[in-house]
Each structure stands twice: as structure tokens, then as C-alpha cells.
Number of protein chains: 2
Amino acid sequence: MKEKNISLAVIRRLPKYHRYLKEMLDNDIKRISSKELSKVIGFTASQIRQDLNNFGGFGQQGYGYNVEDLYEEIGKILGLTRDYNVIIVGAGNLGQALANYSSFGRLGFKLKAMFDINPKIVGLTIKDIQVLDMDTFETFVNENNVEIVYICTNRDGAQDVADRISKTNVKAIWNFAPVDLKVPEDVVVENVHLIDNLLTLSYFLKEN
Amino acid sequence: MKEKNISLAVIRRLPKYHRYLKEMLDNDIKRISSKELSKVIGFTASQIRQDLNNFGGFGQQGYGYNVEDLYEEIGKILGLTRDYNVIIVGAGNLGQALANYSSFGRLGFKLKAMFDINPKIVGLTIKDIQVLDMDTFETFVNENNVEIVYICTNRDGAQDVADRISKTNVKAIWNFAPVDLKVPEDVVVENVHLIDNLLTLSYFLKEN
DNA sequence: AAAAATATGTCAAATTAATAACAAGGTATT
DNA sequence: AATACCTTGTTATTAATTTGACATATTTTT
């Protein structure tokens with residue numbers, strides 16, 4: 001399943017295609033040309049065709065792309081072919097907010113538990129999900145085939161969690177702590193650095 | 001204050017410089033060369049020098065950069081020279097999570113109120129911040145010199161909020177709803193599309 | 001005080017990414 | 001069935017970004 005050296009820029013556009021195609025699907029749009037898609041999604045038609053062709057010829061000359069097929073194909077590329085067991089570490093406000101997002105679950109990311117070190121939070125149940133003590137972290141991860149961890153701790157706790165993750169079979173971290181984690185090569189990390197994002201907005205507000 | 005055509009790629013690296021310099025400052029590191037910084041931050045030394053030189057010669061040959069000065073300069077570039085009044089629209093879990101992040105406030109982003117349409121939430125007070133009814137949105141924004149709005153509604157509500165924002169003096173939106181907002185040219189939008197981010201992670205997990 | 005080492009700012013080269021162009025194949029219309 | 005029209009996949013071109021090189025200035029060492 002290994003595609004050869006697709007650039008990061010292309011990969012980061014795929015979820016957007018996926019999102020727009022889903023919307024078209026919901027609106028009963030059956031076919032779409034790169035030119036039409038270009039208009040709504042804001043990329044050039046040329047870029048759309050080139051992006052998609054990294055993964056195969058999904059279109060048909062003179063016709064365009066079948067929306068449902070393309071949606072499915074991009075889903076496959078993104079790994080949406082099966083469910084993933086996930087847990088959240090850090091059951092504070094952000095962790096709870098993520099726990100309440102049902103859209104992740106619908107895409108196949110199944111929340112199995114939350115973890116915290118705060119005795120006031122451990123033991124709670126949020127949306128049918130138990131908050132467990134970090135003492136039981138490794139045991140739970142191993143016994144429940146957890147594949148993805150969302151790190152929602154504060155800055156100081158994040159690297160410790162990453163270190164503990166690195167000793168398990170978990171190979172993916174979604175990191176919300178404002179720090180760049182050091183992890184083994186075979187662990188992938190995707191960061192949501194909110195502050196970085198806010199400061200970018202601030203820059204453009206100033207420039208405007 | 002308008003810098004000429006700095007590329008988006010450069011801008012998005014600035015907050016990371018800011019973050020690392022803050023850490024060095026906290027650790028009493030007084031000076032840093034592009035080479036040393038390169039090692040910890042992961043960009044090439046050449047790129048660091050070129051990035052910084054877009055905004056001026058902050059370094060000194062043979063010495064490097066003064067950490068405190070550089071931190072201050074990058075802060076200025078990012079607009080961290082004064083406070084901004086912000087409000088949150090959508091006081092659900094995510095909105096509340098953002099309201100509880102004190103780090104935004106420390107950087108100058110002062111939360112003045114939260115808004116919602118849900119009668120069960122309107123009237124609550126979260127971290128000394130009142131949740132107001134959307135009926136009073138325009139009035140509040142105008143009277144309190146609000147400059148930035150964090151949109152934390154669901155997908156369907158986001159564009160409506162953006163439309164209402166566009167009729168006020170607010171010129172910056174931090175959007176957490178999974179939709180690309182249509183706004184006038186002079187309104188800047190920074191998106192946090194969590195699902196896009198999660199799917200990128202999923203892609204790399206699959207590829208791994 | 002001189003020499004060696006360091007490190008910037010900047011220009012040039014190389015690499016990567018985006019856009020444009022177009023042949024070929026398919027669709028729609030007459 | 002023939003013709004005109006679309007639209008893809010792909011190659012070529014252009015643009016943007018990153019990396020490398022180096023002259024010059026400063027610091028550190030001898």
C-alpha cells in the first residue's frame with residue numbers, strides 16, 4: 001500500500017477533497033470535473049488533476065470524476081478502510097471536547113478510554129467513556145489494541161506521555177500540547193499547535 | 001508596518017521560532033547561532049537566516065542572535081505588541097476548552113465574552129466569562145471593540161456567524177468549524193480543521 | 001596585537017511545487 | 001454516424017522554496 005514519495009503538500013490537500021466530495025455526495029451530485037471542483041474548492045483544475053493522478057487515474061476523459069467513487073478512493077488513500085481504537089490522554093477541557101466530537105467516531109476513530117493523573121477527574125464517565133488512571137495506561141493500550149493516542153495534556157506532561165507511548169505498540173500520536181515531541185522513527189505525530197495558528201492569524205490581522 | 005510579500009511558509013514558521021526562543025529565554029540562554037538553533041528546531045541554519053532576514057538583520061556576525069531581542073522582534077512581527085479583545089461564538093465543549101486556555105490571554109488575546117444560541121448554556125459563567133445570547137452579538141462586538149472571533153459552532157452554524165461578523169468591524173476569524181468560510185476580502189480567517197489533521201495522521205499511520 | 005575561529009547576510013544554485021499546454025479518448029448533439 | 005465539445009492524464013514550463021556558498025564582520029584564542 002506504500003505510495004512512492006507523495007509530497008506533504010499533496011497529502012494535506014486530500015482531506016479537503018474528501019470533505020468537499022462528501023458534501024457533494026450528500027447533495028446528490030453524481031459527477032464533477034476538475035474545473036467545476038476547482039471553482040468550489042479553490043485549487044486550480046490542473047493541481048487537482050495532478051494531485052489525484054499521484055494515486056491513480058480516477059477520472060474519465062470527457063466525463064470527469066464520479067463523485068462517489070472518488071470519495072471512496074480518497075477515503076482509502078487516507079486509511080479510512082477500517083476502524084482504529086483511540087484513547088485520549090489528558091481529560092481536561094480539550095480532551096473532553098474531543099471526546100464529544102462524534103464525527104471522528106463516524107470516520108472510524110473509536111474512542112475506547114480517557115486517561116488522566118488528576119484524582120478528581122479519574123473515575124468520571126464522559127459520553128460513556130471512562131476516565132482511567134495513568135497507572136493503567138500500558139496495560140489498557142496493550143490489551144485493547146490501541147493504535148492512536150490523542151495527547152491533550154499540558155506542555156510539561158506531553159513528552160512523558162510520548163515516552164510511555166513509544167514503549168507500546170501505538171504508532172500514531174495526535175498532539176495538542178504546545179511542544180514538539182521526540183519519538184522513535186516509526187511513530188508518526190501530527191501536531192495541532194493552536195498557539196502557532198493563533199499567532200499566524202495575529203500576523204495577518206496586523207498586516208491587513 | 002506592511003512587509004512586502006513574505007511567503008506563507010515563512011509566516012507559519014515564525015510562531016515556532018517564537019516558541020523555541022521563549023523556552024531558551026526561560027532557560028537563561030542569552031545567545032544562539034542559526035546553527036545551534038537549527039539543531040533544536042529542525043530547520044536548516046540557512047533557512048533560519050533567510051527567514052529572519054525577511055524582516056531585518058537581527059543577528060551579528062561572529063556572535064549570532066541575542067535570544068531576548070530576537071524573541072521580542074518576532075513577537076512584534078506577529079503582532080504581539082498590544083492586547084486584542086476576542087470573543088468565542090459557540091460555548092460548547094470546544095469553546096469552553098478555549099476559554100480555559102490561559103496561554104492565549106497571556107499573549108494578549110483577551111477573552112471578553114462567549115456567545116451561544118442554546119438557552120441552556122446562555123447565562124452561564126465560565127472562568128469569569130459570561131455566555132451571552134447571540135441576539136446581543138452585534139451590540140457587544142461594536143461596544144467592546146472586539147477584533148477577533150473564535151468560531152466554535154458546528155458546521156452548519158459557522159457561515160451564519162461569519163456573515164454576521166462581516167457586517168461588524170471584526171477583521172479576524174479563528175475558525176474551528178469543518179467548513180471553509182466565505183468572507184469579505186478584508187477579513188482574515190485562520191482555520192483549525194481538526195478532521196483534516198486527523199486524516200493526515202491516519203494517512204501516515206497507514207503508510208508507516 | 002595577530003591569527004584563528006565563528007557566524008551573519010546575501011547571492012547563486014538546486015530542488016520542489018504549481019501552473020499551463022496539449023494529445024488522446026470519451027461524451028453529447030445533430 | 002458524424003461532428004463538435006469536453007475533460008482527463010501527462011508532459012513542459014514557470015514559479016516558489018530551500019539549500020549551499022562565500023565575502024565580510026565580529027569574537028575568541030594565542
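Just a few scattered comments:
- Nearest 10 degrees, 0 to 90: helix B:67-77 Cα axis against chain B principal axis: 40
- Separation between Cα centres of the range B:133-208 and the range A:145-208, rounded to whole Å: 22
- Most fluctuating residue given options B:ASN100, B:ASN85, B:ASN197, as computed from a GNM of chain B linking Cα atoms under 10 Å: B:ASN197
- The separation of the range A:69-108 from the range B:80-117, counted between C-alpha centres, amounts to 26 Å.
- Closest approach to the axis - chain B beta-carbon, rotation onto A, Å: B:ALA97, 2
- A dipole drawn for chain B from +1 and -1 charges on Cβ atoms has a positive end, and of B:GLN159, B:ILE11, B:ALA177 the residue lying farthest that way is B:ILE11.
- Each residue in A:ARG12, A:ARG19, A:ARG106 was given a count of other beta-carbon atoms within 10 angstrom of its own, and listing them fewest first yields A:ARG106, A:ARG12, A:ARG19.
- Computed about its Cα centre, the charge dipole of the range B:8-77 is approximately 300 debye, with only Lys, Arg, Asp and Glu carrying charge at their Cβ.
- Normalised size of chain A, defined as Cα radius of gyration per 2.2 N^0.38 Å with N residues, equals 1.18.
- Averaging over all projection directions, the Cα-based convex hull of the range A:40-140 occupies 9.1 nm² in the image plane.
- Debye-formula intensities of the range A:126-178, expressed as log10 I(q)/I(0) at q = 0.12, 0.17, 0.24, 0.30 Å⁻¹, are -0.26, -0.53, -1.05, -1.36 (one equal scatterer per alpha-carbon, no solvent).
- For B:187-196, mean number of other protein chain Cβ atoms within 10 Å: 6
- Two-site FRET efficiency, B:ASP186 against B:ASP28, from Cβ-Cβ distance with R₀ of 41 Å, rounded to 0.05: 0.45
- Expressed as a whole percent, the proportion of Cα-Cα pairs in the range B:84-196 lying more than 22 Å apart is 23%.
- Within chain B: Cβ-based charge dipole about Cα centre, in debye rounded to nearest 20 (Lys, Arg +1; Asp, Glu -1): 660
- Other-copy label distances relative to B:GLY62, 7 angstrom Cα-Cβ extension, nm: 7.4
- Max mean-square fluctuation residue, GNM over chain B, Cα-Cα springs under 10 Å, options B:THR81, B:THR44, B:THR125: B:THR44
- Average other protein chain Cβ within 10 Å of Cβ, residues A:133-140: 0
- Point-charge dipole on Cβ atoms (K/R +1, D/E -1) for the range B:84-196, about Cα centre, debye to 20: 360
- Above 14 Å, the calculated P(r) of the range B:39-94 contains 68 percent of its Cα-Cα pairs.
- By the count of neighbouring beta-carbon atoms within 10 Å, fewest first, A:LEU194, A:LEU25 end up ordered A:LEU25, A:LEU194.
- All Cα pairs of the protein assembly as shown, percent lying beyond 37 Å: 27
- Positive minus negative residues near B:TYR150 (Lys, Arg vs Asp, Glu; Cβ under 13 Å): -1
- Two-decimal ratio, the range A:8-77, of alpha-carbon radius of gyration to 2.2 N^0.38 Å: 0.97
- The ranking of B:SER7, A:SER38 by Cβ neighbour count inside 10 Å, starting from the fewest, reads B:SER7, A:SER38.
- Over 22 Å (Cα to Cα) - which of A:LYS206/B:LYS110; B:LYS16/B:LYS39; B:LYS16/B:LYS76; A:LYS16/B:LYS110 fall in this group: A:LYS16/B:LYS110
- Shielding by partners, peptide A:69-80 (average Cβ within 10 angstrom, other chains): 3
- Most fluctuating residue given options B:ASN154, B:ASN118, B:ASN27, as computed from a GNM of chain B linking Cα atoms under 10 Å: B:ASN27
- Label distances, nm, B:ARG106 versus same residue in remaining copies, Cβ-directed 7 Å point: 3.7
- Here r is the Cβ-Cβ distance between B:ASP163 and A:ASN118 and R0 is 35 Å; the resulting FRET efficiency, rounded to 0.05, is 0.30.
Every number in this text was worked out from the coordinates using simple rules, so none of it is lab data. Only a predicted model underlies this, so the values are computations on that prediction, with no experimental measurement involved. Methodologically, a virtual Cβ is constructed for each residue, glycine included, from the backbone with ideal geometry; neighbour enumeration extends over all protein chains shown.
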